[in-house]
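The values are calculated or read from the model by the stated rules, or taken from the named source; none is laboratory data. The structure displayed is predicted, hence computed values, not measured ones. Using ideal geometry, Cβ is built from the backbone for each residue, glycine included, and neighbour counts are taken over all protein chains shown.
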Amino acid sequence: MDKRLIELAEAAITGQGDGRISTEDAMKIIEAVKDGGIYTEVEKDTMEYIRDNFKWTDAADDWFRNQIASWAASKA
């Protein structure tokens with residue numbers, strides 16, 4: 001698991017808000033995914049864990065899935 005991604009997700013659901021990952025939070029998470037220039041297997045596994053274990057707003061989930069699919073496809 002990618003510790004940084006988990007920490008970003010945990011930070012996103014604590015404090016203010018409704019305990020869900022927002023589109024703004026998703027933007028921070030995707031920047032962390034993109035920082036190495038490739039979507040590694042560790043990042044993929046971590047994002048699967050985050051999607052399965054953290055609540056997302058519908059808008060954030062849709063936005064993130066579209067962004068990551070588009071970016072990952074451009075790297076293939």
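For first residues located in the stretch 11-25 and more than 16 Å from residue 68 (Cα to Cα), partners that are surrounded by 13 or more Cβ atoms within 10 Å (Cβ to Cβ) and of a type in the set (Val, Ile, Thr) and lie 6+ apart or on another chain with Cβ distances below 9 Å form the pairs 12/21; 12/29; 13/21; 18/57; 19/13; 20/13; 20/57. Take the residues in the stretch 38-76 that are in a helix (DSSP H, G or I) and among the aromatic types (Phe, Trp, Tyr); name whichever of them is modelled with the lowest pLDDT. Step by step, filter the stretch 38-76, then rank; the result is 71. The residue of the stretch 2-37 that is modelled with the lowest pLDDT, among those that are outside any helix (DSSP H, G or I) and surrounded by 13 or more Cβ atoms within 10 Å (Cβ to Cβ), is 17. Filtered by the rule that a residue be in contact (Cβ under 8 Å) with a residue 24 or more places away in the chain and either farther than 13 Å from residue 9 by Cβ or surrounded by 17 or more Cβ atoms within 10 Å (Cβ to Cβ) (or both), the stretch 41-53 gives 42, 43, 45, 46, 47, 50.
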